[in-house]
1. Tell me which residues, restricted to the range 30-48, are modelled with pLDDT of 70 or more, surrounded by fewer than 21 Cβ atoms within 10 Å (Cβ to Cβ) and more than 19 Å from Tyr77 (Cα to Cα).
2. Could you please let me know if Tyr89 is modelled with pLDDT of 95 or more, assigned to a helix (DSSP H, G or I) and out of contact with any Cys (no Cβ under 6 Å at 6 or more places or on another chain)?
3. Does the range 137-146 contain any residue that is surrounded by 15 or more Cβ atoms within 10 Å (Cβ to Cβ) and either at pLDDT 55 or above or within 18 Å of His6 (Cα to Cα) (or both)?
4. Give the residues of the range 92-125 that are touching a residue at least 60 places away in the same chain (Cβ under 8 Å), of a type in the set (D, E, K, R) and in a helix (DSSP H, G or I), sorted by residue number.
5. Is at least one residue of the range 41-51 closer than 24 Å to Ala122 by Cα, polar (S, T, N, Q) and touching a residue at least 12 places away in the same chain (Cβ under 8 Å)?
Amino acid sequence: MGVVRHIVCAMSGGVDSSVTALLLRRRGYHVTGVFMKNWDSLDEKGVCSSERDCEDAYKVCQDLDIPFHQVSYVKEYWHEVFTNLLKEYEMGRTPNPDILCNKHIKFNHFYSYAINSLGADAMATGHYARTSQEDEDVFQQRHVAPPPQHVFRDRFEIRNRKNNSSQPLSVLFSYIYILVI
C-alpha cells in the first residue's frame, strides 16, 4: 500500500464515526464522509430513522468541512445479509448479522465504492471504538506493507477457511484503525 492521503470514513451520524473523521482530519488526511443506507426505513416504524441519521452525518461533515456522500445498499443488505439471517433462524441457529454485514457490505461493497468510485487510499469507520480516561494522546496504527502471505499462512490461520465470514488480509491493510489512549 502506498502513501495514504485520502480516507473515506463511513459516517453513521453517531459519536464514534464523527470522532474518527475529526481525528483523521486533524492528522492532515483528506477525509470524505459517506453515509450508508442499509435498511429501508419505510419497512419499520422505529423512532430513530435512517433519514435522521443521514442528516446528522451530513451536519457533522459540514462542521468538519469535509465532502459528504450517501450510498444505498438496501438491496444488497436484504439479499446478502437479512435473507441469510432468516434462513439461519429457520434452521434453529442464532447468527450474528454483523459478520455478514462486514463481509458483504462494509468490506466489499462499501470498500469498493470508497476505493474505486471516490478514489480513496483507505477507509475508516468508528466501529469497535474504545475510550480511555488515562491520556489524551491520539495514535494511529501505522500502515505497513502486507507481509508475504506464506510468512503467516502456515503458522497462523489468518483466514479461517471454514468460516467464510473472515476477511482477507489484503482488505484489512487498507482499513484505518484509530487508537485513542
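1. His30
2. Against the criterion (modelled with pLDDT of 95 or more, assigned to a helix (DSSP H, G or I) and out of contact with any Cys (no Cβ under 6 Å at 6 or more places or on another chain)), Tyr89 does not qualify.
3. yes
4. Lys103, Lys106
5. no
The values are calculated or read from the model by the stated rules, or taken from the named source; none is laboratory data. Everything numeric here is computed off the predicted structure, so don't read it as measured data. All Cβ positions, even for glycine, are placed from backbone atoms using ideal geometry, and neighbour counts span all protein chains on display.
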